[in-house]
Structure formats: C-alpha cells, structure tokens
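This report refers to the structure that appears directly beneath it.
Just so it is clear, none of the values below were taken in a lab; they were calculated from the coordinates. None of the values given here were measured: they were computed from a predicted structure. Using ideal geometry, Cβ is built from the backbone for each residue, glycine included, and neighbour counts are taken over all protein chains shown.
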Amino acid sequence: MEVGKQIKLARLRRKISCEMAAERAKISRATLWKIEKGDPTVSMGAYLSVLFALRLERDILFLAKDDDMGRALQDKELLWRDER
C-alpha cells in the first residue's frame, strides 16, 4: 500500500489527473486506481508504466536496495565459515 500511496502523491504533486496519468502509462483508469490503492494483483509492468509516465522510472533502482536482513544473513554465514 505504501508504494501506491507514494505513486499517488507523486502524481498529485505534478498536478496530473488520473485520466492523464493512465493515458500516458497506457493503462486503464481502473488499473491506476488499483495501483494507487496498493492492490497486489496489479502487474509490475503496470507499476513501471506509471513510473515512466511520471518520469520516476529510476526509482525502480532503489527497490530492495537496502537489504538489511539479507546482509545480516550473509554476514552470519561468512562468520560461521570463518569459525570452521
């Protein structure tokens, strides 16, 4: 839901209507509405289309960038190997 909320706020800050954003993203207004509500059934492609329409496509590079849990698990494994 947080991603959808952030997308909606980005659209509103740019003063882009739902209709215009959906048209630019080549998706229906219903799909845009689902994205902004955080519906998990919407494809990643639709999310990316909206990001491109809002000129936020580079934001996808930050997805899972800070993987604290993965790093902690990796470090634990590395320390365990070192102790052998």
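Hey, what did the chain get for relative contact order, percent, Cα under 8 Å, at least 6 apart?
Working: 55 pairs, mean separation 23.2, N = 84.
Result for the chain is 28 percent.
Tell me the net charge near GLY38. Cut-off is 15 Å between Cβ atoms, GLY38 excluded, with +1 for each Lys or Arg and -1 for each Asp or Glu. Please list the in-between numbers first.
Values: positive: LYS5, LYS8, ARG11, LYS34, LYS37; negative: GLU2, GLU36, ASP39.
Taking every Cβ under 15 Å from that of GLY38, the sum is +2.
Working from Cα positions, state the angle (0 to 90°, nearest 10) between the long axis of helix 44-53 and the longest principal axis of the chain.
The helix 44-53 is inclined about 60 degrees to the chain.
On a straight-distance basis, which lysines could pair with LYS5 in a cross-link, Cα separation under 18 angstrom, same-chain partners fewer than 8 positions away excluded?
LYS15, LYS34, LYS37
Just to confirm a number: summing +1 for Lys and Arg and -1 for Asp and Glu over residues other than GLY70 whose beta-carbon lies under 15 angstrom from that of GLY70, what do you get? Intermediate results must be reported in sequence, preceding the final value.
Numbers: positive: LYS65, ARG71, LYS76; negative: ASP66, ASP67, ASP68, ASP75, GLU77.
Local charge sum for GLY70: -2.
Dividing the alpha-carbon radius of gyration of the chain by 2.2 N^0.38 Å (N being the number of residues), what value is obtained? Walk me through the numbers on the way to the answer.
Details: Rg = 17.8 Å, N = 84, 2.2 N^0.38 = 11.8 Å.
Dividing the Cα radius of gyration by 2.2 N^0.38 Å gives 1.50.
Quote the Stokes-Einstein diffusion coefficient, in whole µm² s⁻¹, for the range 1-48, based on the Kirkwood radius over alpha carbon pairs, a temperature of 10 °C and a viscosity of 1.306 mPa s. Each step should come with its number before you reach the end.
Numbers: Rh = 10.4 Å.
For the chosen part, D equals 152 µm²/s.
Under a cut-off of 16 Å between alpha-carbon atoms, report the aspartates and glutamates in cross-link reach of LYS26, not counting same-chain residues fewer than 8 places apart.
GLU36, GLU57
To the nearest 20 debye, what charge dipole does the chain have about its Cα centre, counting +1 at the Cβ of each Lys and Arg and -1 at the Cβ of each Asp and Glu?
On the way: 18 positive and 14 negative charges, 128 e Å.
Magnitude of the dipole: close to 620 debye.
Please name whichever of ILE16, ALA30, TYR47 sits farthest to the positive end of the charge dipole of the chain, dipole taken about the Cα centre and charges placed at Cβ: Lys and Arg +1, Asp and Glu -1.
ILE16
So how tilted is helix 2-13 from the main axis of the chain? Cα-based, degrees 0 to 90, rounded to 10.
40 degrees
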